[in-house]
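A.B. asks: Have a look at this one before I ask anything.
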């Protein structure tokens with residue numbers, strides 16, 4: 001097969017960014033067919049090795065942000081979108097894209113909180129979560145949810161065009 005899965009992945013990521021920005025959701029109607037397409041494409045192109053490649057990437061991509069989802073800091077659609085990235089381009093790419101996404105998202109979050117003058121109160125609340133009873137109470141301010149499909153997409157683009165930030169065997 002001469003088709004490039006990167007093109008389909010790019011389309012899926014673009015749609016996910018749009019829906020996440022417009023409706024604050026990454027829909028199953030996008031991620032499930034994309035997961036199936038990735039697995040079928042790799043299996044058709046490379047047989048059992050392709051199936052293993054895609055399933056391992058899907059698993060790694062889906063699990064990398066699972067702790068953030070479990071803690072309530074990320075939506076299930078973001079987890080599935082990261083699984084799509086892994087299913088299309090493999091576990092190494094998924095891990096690099098996730099690291100890039102975390103760095104880009106983290107920098108954006110700090111800048112956003114500085115602009116909103118919420119950085120110190122957010123850090124204080126985080127310390128209260130990590131060390132209960134060690135810090136005095138602070139009133140909870142408005143919660144800001146980030147459209148993480150944007151950062152997953154930027155992380156995938158960075159992982160595709162820039163040298164790997166982590167060396168994996």
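A.B. asks: Search segment 17-29 for residues being assigned to a helix (DSSP H, G or I) and touching a residue at least 40 places away in the same chain (Cβ under 8 Å), and hand back the single one that is surrounded by the most Cβ atoms within 10 Å (Cβ to Cβ). Steps first, please.
C.D. replies: If we filter segment 17-29 for residues that are assigned to a helix (DSSP H, G or I), which is where we start, we get 17-23, 28-29.
When the remaining residues are screened for being touching a residue at least 40 places away in the same chain (Cβ under 8 Å), the result is 17, 19-21, 28.
Working: 17: 19, 19: 18, 20: 25, 21: 11, 28: 12.
It comes out as 20.
A.B. asks: Would you mind telling me which numbered condition in (1) touching a helix residue (DSSP H, G or I) at 6+ places or on another chain (Cβ under 6 Å); (2) over 20 Å from residue 10 (Cα atoms); (3) in contact (Cβ under 8 Å) with a residue 40 or more places away in the chain; (4) part of a helix (DSSP H, G or I) residue 87 fails?
C.D. replies: (2)
A.B. asks: Among the residues of segment 151-169, count how many are in a loop (DSSP other than H, G, I, E, B) and either surrounded by 16 or more Cβ atoms within 10 Å (Cβ to Cβ) or at pLDDT 90 or above (or both). It would help to see each step written out before you state the result.
C.D. replies: Taking segment 151-169 as the starting set, the residues that turn out to be in a loop (DSSP other than H, G, I, E, B) are 162-169.
Add one more test, that the residue is either surrounded by 16 or more Cβ atoms within 10 Å (Cβ to Cβ) or at pLDDT 90 or above (or both), and what stays is none.
The number of residues fulfilling the criteria is 0.
A.B. asks: Exactly one condition in (1) closer than 18 Å to residue 78 by Cβ; (2) at pLDDT 85 or above; (3) surrounded by 15 or more Cβ atoms within 10 Å (Cβ to Cβ) is not met by residue 146; state its number.
C.D. replies: All conditions are met except number (2).
A.B. asks: Collect the residues in segment 42-71 that are under 14 Å from the mean Cα position of the chain (by Cα) and in a loop (DSSP other than H, G, I, E, B), keeping them in residue-number order.
C.D. replies: Across segment 42-71, the qualifying residue is only 65.
The values are calculated or read from the model by the stated rules, or taken from the named source; none is laboratory data. Since the model is a prediction, treat every value here as computed from it, not as a measurement. Because the Cβ atoms are built from the backbone with ideal geometry, glycine has one as well, and the counts that use them run over all protein chains shown.
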